[in-house]
Amino acid sequence: MLEPSQIRMARAALKISVRELAKMTGVADSTILRFESGKGAILTTNMKRMQEALEAAGVTFVPADSSGGPGVRLKT
């Protein structure tokens with residue numbers, strides 16, 4: 001499961017707004033904002049849609065490990 005901060009980082013890296021991500025995924029922008037702000041959970045299906053869309057747009061999600069927390073990397 002991705003962290004809210006990873007979704008924010010991915011959008012920032014790709015320079016896309018919440019509204020653009022909502023259009024890409026069919027997930028309501030209010031749902032994305034609520035999840036990103038940590039004020040609510042998100043359905044697994046919606047998380048999968050966001051992850052797939054952001055990965056297709058050019059990011060790789062990096063899990064937390066012993067050297068640091070979770071993150072995002074742009075694909076080369």
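The values are calculated or read from the model by the stated rules, or taken from the named source; none is laboratory data. Everything quoted here is computed from the prediction, not taken from an experiment. Glycine also receives a Cβ, built like all others from the backbone with ideal geometry; neighbour counts cover every protein chain displayed. Please note that ligands, DNA and RNA were not included when accessible areas were found on the heavy atoms of the full protein model with its side chains. Shrake-Rupley method; radii C 1.70, N 1.55, O 1.52, S 1.80 Å.
When residues in region 30-50 are screened for being open to solvent by 60 Å² or more (accessible area, probe 1.4 Å) and assigned to a helix (DSSP H, G or I), 7 of them pass. Here region 1-25 is the region considered, the condition is being within 16 Å of residue 45 (Cα to Cα) and touching a residue at least 12 places away in the same chain (Cβ under 8 Å), and the residue that is most open to solvent (accessible area, probe 1.4 Å) is 1.
One residue stands out among those in region 65-76 that are within 15 Å of residue 9 (Cβ to Cβ) and in a strand (DSSP E or B): the one that is most open to solvent (accessible area, probe 1.4 Å), which is 73. Only one entry in 71, 58 is on the phi > 0 side of the Ramachandran plot and either without any contact (Cβ under 8 Å) to a residue 60 or more places away in the chain or touching a strand residue (DSSP E or B) at 6+ places or on another chain (Cβ under 9 Å) (or both), namely 58.
Scanning region 51-64 for residues that are open to solvent by 60 Å² or more (accessible area, probe 1.4 Å) and either assigned to a strand (DSSP E or B) or in contact with a Pro (Cβ under 9 Å, 6 or more places away or on another chain) (or both) gives 63, 64.
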